[in-house]
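**Student:** So that we are looking at the same thing, I have put the structure below in structure tokens.
The values are calculated or read from the model by the stated rules, or taken from the named source; none is laboratory data. Computed from a prediction, not measured in an experiment: that's the story for all the values here. Every residue, glycine among them, receives a Cβ derived from its backbone with ideal geometry; neighbour counts consider all protein chains shown.
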Amino acid sequence: MNLEENFDAGFDRVTGKPGPRNGASAAPGSGALGTVLGDIALPWMRGAFDRPEQTSSFKRLRMASPARRQSYLVTHLGGETLETTLSLVDKALYAERYLQNFTGHPAHPYYGRVWLDHDGGTGAGHRPSLLTAALWFKGLLKTSVFALANRPQPWYQGPPWDVRMDNAEAEIGSRDPKDPAAPLHGATVGGLIERVDPTTRLVTLVSNGDPAPAVYFPAGEMVESAGGGRAKVLTLTSQNTLKLSTVDGFRPRDTVMWRQPTGFPLTDVTFYYGYYGLAQYHDVYQFRVGAVGSHMDSGSVVWARAAMRRGITATAGAVSEPTSAGVPFMASAFAALSSGHDVAEAFYSAIPFNTRWNTVIFGDPLYAPFRTRAKRPDESPPAIERLTLVALRSPSGGQRVLVSAQLAGATPEQADDIALWQIEYGLTPEYGNLVPYIEWPDPGDDKLNQHRRYFYTRRFTYELADLLPSRVYHVRISARDPFGNVGTATETVTTLR
């Protein structure tokens, strides 16, 4: 957002405060720019959940008012490496063409979920937003683009998403600091039973500050009670009521629990929203191509930078204290994004107090994965071109080969392709050595591991080391796209003497 523009109050160049337009002085007592609720919010922010059919773009809003024509929504294409930066756009282009909701088909290679993680506290006002995000994706809000009742509407986006939540004090993937040998924390939710109806098998949960305590429990999963009960969740009949397969062992005032049988890393994360580990990132995520998410904490740029290394397509991070209202309320961002808006519009609509732009939005600003509703599957394998093998010698005298390749772009579909890469190599056409698509040593460690490799890209380089001198090596390189299609290319190289 241009600092010289303020939607609701204007901007006084002399005082640096909001004020009437046309150069008039700011009113006495005016707060500084970025400290007035909604002072730079997009006009449709407060109606994001009420008017999903309203998809006026920011460009259209700018052109409708001469006073706004010098205002721009700015995002940062700045990963830690050039390849990370390029991949933000590459992943956005692929996801715009192919990202879909594969709920009900968990075996699909591009299957993704919504992951929402809070520490049991209020999150400085973000807890209601996190719960609203769950209701939105589950289609339990009347205006949700995923509510089955809205199927006749032109803005309907398909069935509800598979949502996984955690409301334990520990964050998903964290380790108990008092017990370094303990396993990483898996997704866990709990609730307190208010009443049980044996006839209908309905269990009503105590609100306890949550307007929708039942939303934590996913249908089809097994829950347990402190009284020894064990049952399957059949459906959510309301925001605080579950229908179970049996209510034997479920009693009022008992705690009901669901523990996700979590295996790390999590490989199905398409949307993420969580809090609150200050300037922390638990390295347990492999984000789907097209993934969008944010972590709410005052140093969340640490989380954002690490998440970009692990494949997230768009995120945001606080580089200095923004206050809790200066980071995205992601329910608003998700609602705007899934209603057809792009990443820039979605994130800016979700920040009510943009406190001196201390929160940076990362990603392609034009990325709009839900703007195109009818999407076809990706049925073509990636086409590899420019496979090059260069024999090198290490300073110590060892033999190496630099492998490089890229994906073809002769057609629009090829130009939007992206892939994980694998190398097979050896002294015979049977190869015998493998560099896999994903390298993830020690999955039980939550620290950011430099030796892990999980990265979708259009360009690939890798150095093979410890090779024999003056020998012919056979090399096959494979590229696998998010739908599981695989393209290959082969070549030979002779190492140096």
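**Student:** Looking at region 114-124, which of its residues are in contact with a helix residue (DSSP H, G or I) (Cβ under 9 Å, 6 or more places away or on another chain) and in a strand (DSSP E or B)?
**Tutor:** Passing the criteria: 114, 116, 117.
**Student:** Every residue in region 280-299 that is of a type outside the set (Phe, Trp, Tyr) and over 17 Å from residue 328 (Cβ atoms), please.
**Tutor:** From region 280-299, those of a type outside the set (Phe, Trp, Tyr) are 280, 282-284, 286, 288-299; that's our starting set.
Answer for region 280-299, where residues must be of a type outside the set (Phe, Trp, Tyr) and over 17 Å from residue 328 (Cβ atoms): 280, 282, 283, 284, 286, 288, 289, 290.
**Student:** On the basis of being β-branched (Val, Ile, Thr) and part of a helix (DSSP H, G or I), does residue 189 make the cut?
**Tutor:** Values: β-branched (Val, Ile, Thr): yes; part of a helix (DSSP H, G or I): no.
Judged against the criteria, residue 189 is not a match.
**Student:** Scanning for something surrounded by fewer than 19 Cβ atoms within 10 Å (Cβ to Cβ) and not aromatic (Phe, Trp, Tyr), does region 311-320 turn up at least one residue?
**Tutor:** Going residue by residue through region 311-320, those that are surrounded by fewer than 19 Cβ atoms within 10 Å (Cβ to Cβ) are 319-320.
Remaining after also requiring not aromatic (Phe, Trp, Tyr): 319-320.
Checked against the condition, which is being surrounded by fewer than 19 Cβ atoms within 10 Å (Cβ to Cβ) and not aromatic (Phe, Trp, Tyr), region 311-320 yields at least one hit.
**Student:** Out of all the residues in region 406-435, which are closer than 27 Å to residue 467 by Cβ and either of a type in the set (Gly, Ala, Ser) or surrounded by fewer than 13 Cβ atoms within 10 Å (Cβ to Cβ) (or both)? Give the derivation first.
**Tutor:** We begin by selecting, within region 406-435, every residue closer than 27 Å to residue 467 by Cβ; these are 406-407, 419-435.
Within region 406-435, 419, 426, 428, 429, 430, 432, 434 meet the criteria.
**Student:** Identify the residue in region 172-228 that is surrounded by 13 or more Cβ atoms within 10 Å (Cβ to Cβ), within 26 Å of residue 262 (Cα to Cα) and of a type in the set (Asp, Glu) and, among all such residues, is modelled with the highest pLDDT.
**Tutor:** Once the filter is applied, the top-ranked residue is 224.
**Student:** From the list 398, 426, which one is in contact with an Asp or Glu (Cβ under 7 Å, 6 or more places away or on another chain) and farther than 28 Å from residue 95 by Cα? Steps first, answer last, please.
**Tutor:** Numbers: 426 fails: in contact with an Asp or Glu (Cβ under 7 Å, 6 or more places away or on another chain).
After applying the criteria, what remains is 398.
**Student:** So how many residues does region 315-330 have that are hydrophobic (A, V, I, L, M, F, W, C) and assigned to a strand (DSSP E or B)? Let's see the steps before the verdict.
**Tutor:** Taking region 315-330 first, the residues hydrophobic (A, V, I, L, M, F, W, C) are 316, 318-319, 325, 327, 329-330.
Now restrict to residues that are assigned to a strand (DSSP E or B): 316, 318.
Final tally of qualifying residues: 2.
**Student:** Same structure again: Go through (1) closer than 22 Å to residue 265 by Cβ; (2) crowded, with 20+ Cβ neighbours inside 10 Å and name the single condition residue 403 misses.
**Tutor:** Checking residue 403 against (1) closer than 22 Å to residue 265 by Cβ; (2) crowded, with 20+ Cβ neighbours inside 10 Å, the one that fails is (1).
**Student:** Determine whether region 460-467 contains at least one residue that is more than 27 Å from residue 379 (Cβ to Cβ), of a type in the set (Phe, Trp, Tyr) and surrounded by fewer than 19 Cβ atoms within 10 Å (Cβ to Cβ).
**Tutor:** Taking region 460-467 and keeping what is more than 27 Å from residue 379 (Cβ to Cβ), we get 461-467.
Now restrict to residues that are of a type in the set (Phe, Trp, Tyr): 462.
Filter again for surrounded by fewer than 19 Cβ atoms within 10 Å (Cβ to Cβ), leaving 462.
Yes; the residues of region 460-467 include at least one that is more than 27 Å from residue 379 (Cβ to Cβ), of a type in the set (Phe, Trp, Tyr) and surrounded by fewer than 19 Cβ atoms within 10 Å (Cβ to Cβ).
**Student:** Quick check, is residue 338 hydroxyl-bearing (Ser, Thr, Tyr), within 21 Å of the chain's Cα centre (by Cα) and either under 30 Å from residue 470 (Cβ atoms) or crowded, with 21+ Cβ neighbours inside 10 Å (or both)? Show your work before the answer.
**Tutor:** Numbers: hydroxyl-bearing (Ser, Thr, Tyr): yes; within 21 Å of the chain's Cα centre (by Cα): yes; either under 30 Å from residue 470 (Cβ atoms) or crowded, with 21+ Cβ neighbours inside 10 Å (or both): yes.
Answer is yes for this residue.
For (1) closer than 29 Å to residue 451 by Cα; (2) touching a residue at least 40 places away in the same chain (Cβ under 8 Å); (3) charged (D, E, K, R); (4) in contact with a helix residue (DSSP H, G or I) (Cβ under 8 Å, 6 or more places away or on another chain), each residue gets a yes or a no:
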| position | (1), (2), (3), (4) |
| --- | --- |
| 278 | yes, no, no, no |
| 295 | yes, no, no, yes |
| 316 | yes, yes, no, yes |
| 339 | no, yes, no, no |
| 345 | no, yes, yes, yes |
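**Student:** Right, next: Taking only region 113-133 into account, find how many residues are among the aliphatic types (A, V, I, L, M) and closer than 12 Å to residue 210 by Cα. Break it down stepwise before answering.
**Tutor:** Restricting attention to region 113-133, the residues satisfying the condition of being among the aliphatic types (A, V, I, L, M) are 114, 116, 124, 130-131, 133.
When the remaining residues are screened for being closer than 12 Å to residue 210 by Cα, the result is 130-131.
Count: 2.
**Student:** Looking at 426, 363, 444, can you tell me which residue is within 22 Å of the chain's Cα centre (by Cα), modelled with pLDDT of 95 or more and not charged (D, E, K, R)?
**Tutor:** Values: 426 fails: within 22 Å of the chain's Cα centre (by Cα); 444 fails: modelled with pLDDT of 95 or more.
Result of the check over 426, 363, 444: 363.
**Student:** Right, here's the next one. Being of a type in the set (Phe, Trp, Tyr) and under 30 Å from residue 447 (Cα atoms), is that true of even one residue in region 212-233?
**Tutor:** Taking region 212-233 as the starting set, the residues that turn out to be of a type in the set (Phe, Trp, Tyr) are 216-217.
Those left that are additionally under 30 Å from residue 447 (Cα atoms): 216-217.
Yes: region 212-233 contains one or more residues that are of a type in the set (Phe, Trp, Tyr) and under 30 Å from residue 447 (Cα atoms).
**Student:** In addition: Need the failing condition index for residue 276 against (1) surrounded by 18 or more Cβ atoms within 10 Å (Cβ to Cβ); (2) out of contact with any Leu (no Cβ under 8 Å at 6 or more places or on another chain); (3) of a type outside the set (Gly, Ala, Ser); (4) at pLDDT 95 or above, just the number.
**Tutor:** For residue 276, the exception is condition (4).
**Student:** While we're on this one: Kindly state which strands (runs of 3 or more DSSP E) lie completely within region 201-283 and contain at least 3 residues that are of a type in the set (S, T, N, Q), over 22 Å from residue 119 (Cα atoms) and not assigned by TED's automatic domain parsing to the domain that holds residue 335. Reasoning before the result, please.
**Tutor:** Numbers: elements: 202-205, 222-225, 230-238, 241-244, 255-259, 266-274.
The qualifying strands (runs of 3 or more DSSP E) are 230-238.
**Student:** Here's a follow-up. Which ones in region 125-146 are assigned to a loop (DSSP other than H, G, I, E, B) and in contact (Cβ under 8 Å) with a residue 12 or more places away in the chain? Spell out how you get there, then give the answer.
**Tutor:** Kept after step one, since they are assigned to a loop (DSSP other than H, G, I, E, B), are these residues of region 125-146: 138-146.
Residues satisfying the conditions are 138, 139, 140, 141, 143, 144, 145, 146.
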